[in-house]
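Notes to accompany the following structure.
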Amino acid sequence: MRIGTLIYKELLDIVRDKRTILSMIIIPLVAIPLLIFVVSFFAYAREKRTFRETYTVAVSNEIKDNELVRLLRDSKLNILFSSNPSQNIIDKKAKAGLDYKNKIYIVYMDASSKESKVAAERCEKALMVLKENLIFKKLENYKINKEILKPFEIKKVNVAPPRKLAGLFAGILLGYLLVIMIFSGATYPAIDATAGEKERRTIEILLSSPATRTEIAMAKLIAVAVVAILSALLYAVSYSITMLTFSKVFVKDPALSVIINSLPFNLPVVLLLVLTLVPFSLFAASCEVAIASFAKSYKEAQSYLTPLMFIVILPAVISITSPDTTVSLKGAFIPVYNMTQAIKMIMMGEINIMFLLITVMSNIVYAALGIIATLKVFSNENVLLRE
């Protein structure tokens, strides 16, 4: 009964804190979707403009092929005849350059510029067409059918269902972001429940209450974990709605729209996510509460928890950069990394029961160790009442 009252008290304190509301509700539901839309809008507009624009290409004076010049102009390229095409790119007079030496066409570009890359690609396509035309003319002179150059065709067929592709796409990003949201969502509540209590001088009142230290510590842990998991779930909902809306507004490719619209957000997926997130949230909450308890002030607690975020980000980033869609049972024992892999697996719909069980059990063990550490901290008055 007392622990229930304490949890209610902690949650009430958390809800009253504007910083927690900002990190738990405003950022997941408003700021992040808005950021995705704004960035996507400008990226989409720039991409369209990049491929629609006509660019200048510096062509060496040595190139006298009228057919090539025509092909370049047909490729939305303005011709600037020059004695030094590469220098023209450096001087910003052209986006790409074309030279001819020893029967070799050289395409110059600035690899740091998207426009320069597009202009160079147009030059290459024009050269490929010119090459084919020259070959076909020679074959005609020898009365050889040009189809001899194409004895067969190669066609790639994707057998992965849209659900799997959508799950892979969503799972990679969602796994990384949910892990980060759980730790960042727990940060302000953990600080408020420990260093915040010290600053407000309410920790002494709480410790002098009939509640035991274990009950006080567990109430704080559970309250922080609840906020962390709610923050993560709110972000998951926001992410799914944003991606579905994104596909309707920005994605014009029907095949890609089908993949995005196949995002696997249904009851079984949500339940599996919650199952894996609960022990991980307790692990995150116990780590942050234990560390923040050593701080005397809000600022000091923030300085203690900032390095923790960098430690969390590293294995999460490794999971993003990993190209393999299969999971290793060894990875199920690595905290943070195991969560990102489990979320990716759940989203793809390819459940490895053993990996999921090891992930959940290992996170329960890590959470238990974190809880034990927190209880030890709360049993030490020198830490809780330090000035």
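Buried (at least 21 other Cβ atoms within 10 Å of the Cβ), assigned to a helix (DSSP H, G or I) and under 23 Å from the mean Cα position of the chain (by Cα): is that true of A332 in this structure?
Considered against the rule, which asks whether it is buried (at least 21 other Cβ atoms within 10 Å of the Cβ), assigned to a helix (DSSP H, G or I) and under 23 Å from the mean Cα position of the chain (by Cα), A332 comes out as yes.
Is it the case that Y105 is closer than 17 Å to K125 by Cα and touching a residue at least 40 places away in the same chain (Cβ under 8 Å)?
The answer is no for Y105.
Can you confirm whether segment 318-325 contains a residue that is part of a helix (DSSP H, G or I), small (G, A, S), in the same structural domain as E204 (by TED's automatic domain parsing) and at pLDDT below 85?
There is at least one residue in segment 318-325 that is part of a helix (DSSP H, G or I), small (G, A, S), in the same structural domain as E204 (by TED's automatic domain parsing) and at pLDDT below 85.
Can you name the residue in segment 95-137 that is aromatic (F, W, Y) and not in a helix (DSSP H, G or I) and is also nearest to S83 (Cα to Cα) among such residues?
Out of the qualifying residues, it is Y100.
Is at least one residue of segment 372-379 assigned to a helix (DSSP H, G or I), surrounded by 21 or more Cβ atoms within 10 Å (Cβ to Cβ) and either in the same structural domain as L173 (by TED's automatic domain parsing) or touching a Pro at 6+ places or on another chain (Cβ under 9 Å) (or both)?
Within segment 372-379, one or more residues are assigned to a helix (DSSP H, G or I), surrounded by 21 or more Cβ atoms within 10 Å (Cβ to Cβ) and either in the same structural domain as L173 (by TED's automatic domain parsing) or touching a Pro at 6+ places or on another chain (Cβ under 9 Å) (or both).
How many residues are within 18 Å of the chain's Cα centre (by Cα) and aromatic (F, W, Y) when one looks only at segment 1-40?
1
Which members of segment 12-35 meet the condition of being crowded, with 16+ Cβ neighbours inside 10 Å and in contact with a Phe, Trp or Tyr (Cβ under 6 Å, 6 or more places away or on another chain)?
Within segment 12-35, T20, S23, P28 meet the criteria.
Evaluate segment 57-72: report whether one residue or more is surrounded by 13 or more Cβ atoms within 10 Å (Cβ to Cβ), basic (K, R) and outside any helix (DSSP H, G or I).
No, segment 57-72 contains no residue that is surrounded by 13 or more Cβ atoms within 10 Å (Cβ to Cβ), basic (K, R) and outside any helix (DSSP H, G or I).
V38: hydrophobic (A, V, I, L, M, F, W, C) and surrounded by fewer than 18 Cβ atoms within 10 Å (Cβ to Cβ), yes or no?
So V38 fits the description; yes.
Identify all residues within segment 138-168 that are of a type outside the set (A, V, I, L, M, F, W, C), within 47 Å of the chain's Cα centre (by Cα) and either closer than 30 Å to V327 by Cβ or outside any loop (DSSP other than H, G, I, E, B) (or both); write none if there are none.
E147, K156, N158, P161, P162, R163, K164, G167
Of everything in segment 184-224 that's among the basic types (K, R) and part of a helix (DSSP H, G or I), which residue is surrounded by the fewest Cβ atoms within 10 Å (Cβ to Cβ)?
R200
The values are calculated or read from the model by the stated rules, or taken from the named source; none is laboratory data. In this text, all values refer to a predicted model and were calculated from it rather than measured experimentally. FYI the Cβ positions are ideal-geometry reconstructions off the backbone, even for glycines, and counts take in every protein chain you see.
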